[in-house]
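Enquirer: The following block contains the structure, expressed as structure tokens.
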Amino acid sequence: TPLSERLEILSALEAVNYLTVFDEDDVSRLLLALQPHVQAKGTDYTTETVPERETVRSYGGEVAICGDPKDHSSTEIGSRADRPK
């Protein structure tokens, strides 16, 4: 799924206040500026392996792991949709 489409879907969620795109592996500077209550990371992380964990904790925030396992891709899902039943 292209980034622009993912951002569009996420921006429609009432609980989402901000979305940003970044290239850095560690977004501590951004987190310190925004200080979100929750930093959500995907299941390719654990609460112990999130690079910014200590930054988030420093201002009283929480790290949450969310989403499904990263064992599929949008390309794979699309190829299944194209197959005859």
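The values are calculated or read from the model by the stated rules, or taken from the named source; none is laboratory data. Small disclaimer: the values here were computed from a predicted structure and weren't measured. We place every Cβ from the backbone using ideal geometry, glycine too, and count neighbours over all the protein chains shown. Accessible surface areas use protein heavy atoms only, side chains included; no ligands, DNA or RNA. Shrake-Rupley method; radii C 1.70, N 1.55, O 1.52, S 1.80 Å.
Enquirer: Filter segment 9-38 down to residues that are among the aliphatic types (A, V, I, L, M) and free of Cβ contacts under 8 Å to residues at least 12 places away in the same chain and give me whichever is surrounded by the fewest Cβ atoms within 10 Å (Cβ to Cβ). Before you say what the answer is, go through the steps one by one.
Expert: Initial filter on segment 9-38 (among the aliphatic types (A, V, I, L, M)): 9-10, 12-13, 15-16, 19, 21, 27, 30-34, 38.
This time we only want the ones that are free of Cβ contacts under 8 Å to residues at least 12 places away in the same chain, so: 9-10, 12-13, 15-16, 30, 33.
Details: Ile9: 11, Leu10: 11, Ala12: 8, Leu13: 9, Ala15: 6, Val16: 12, Leu30: 17, Ala33: 8.
Selected residue: Ala15.
Enquirer: Among (1) at pLDDT 90 or above; (2) open to solvent by 80 Å² or more (accessible area, probe 1.4 Å), which single condition is Lys85 missing?
Expert: The single condition Lys85 does not satisfy is (1).
Enquirer: If you go through segment 63-78 one residue at a time, do you hit one that is modelled with pLDDT of 85 or more, surrounded by 10 or more Cβ atoms within 10 Å (Cβ to Cβ) and touching a Pro at 6+ places or on another chain (Cβ under 6 Å)?
Expert: Within segment 63-78, none of the residues are modelled with pLDDT of 85 or more, surrounded by 10 or more Cβ atoms within 10 Å (Cβ to Cβ) and touching a Pro at 6+ places or on another chain (Cβ under 6 Å).
Every residue, every condition in (1) more than 28 Å from Glu76 (Cα to Cα); (2) modelled with pLDDT under 90, yes or no:
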{"position": "Pro2", "(1), (2)": "no, no"}
{"position": "Glu8", "(1), (2)": "no, no"}
{"position": "Leu13", "(1), (2)": "no, no"}
{"position": "Phe22", "(1), (2)": "no, yes"}
{"position": "Arg29", "(1), (2)": "yes, no"}
{"position": "Val38", "(1), (2)": "yes, no"}
{"position": "Thr46", "(1), (2)": "no, no"}
{"position": "Val50", "(1), (2)": "no, no"}
{"position": "Arg57", "(1), (2)": "yes, no"}
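Enquirer: If you don't mind, another one. Please go through segment 12-47 and give me each residue that is among the β-branched types (Val, Ile, Thr) and assigned to a loop (DSSP other than H, G, I, E, B), ordered by number. Step through it out loud before you land on a result.
Expert: Keep residues of segment 12-47 that are among the β-branched types (Val, Ile, Thr), which gives 16, 20-21, 27, 38, 43, 46-47.
Residues satisfying the conditions are Val16, Thr20, Val21, Val27, Thr43, Thr46, Thr47.
Enquirer: What pairs come out if I take residues in segment 39-60 that are more than 14 Å from Val27 (Cβ to Cβ) and pair them with residues that are open to solvent by 30 Å² or more (accessible area, probe 1.4 Å) and assigned to a helix (DSSP H, G or I) whose C-beta lies under 7 Å away, six or more apart or interchain?
Expert: Pairs found: Thr47/Arg53.
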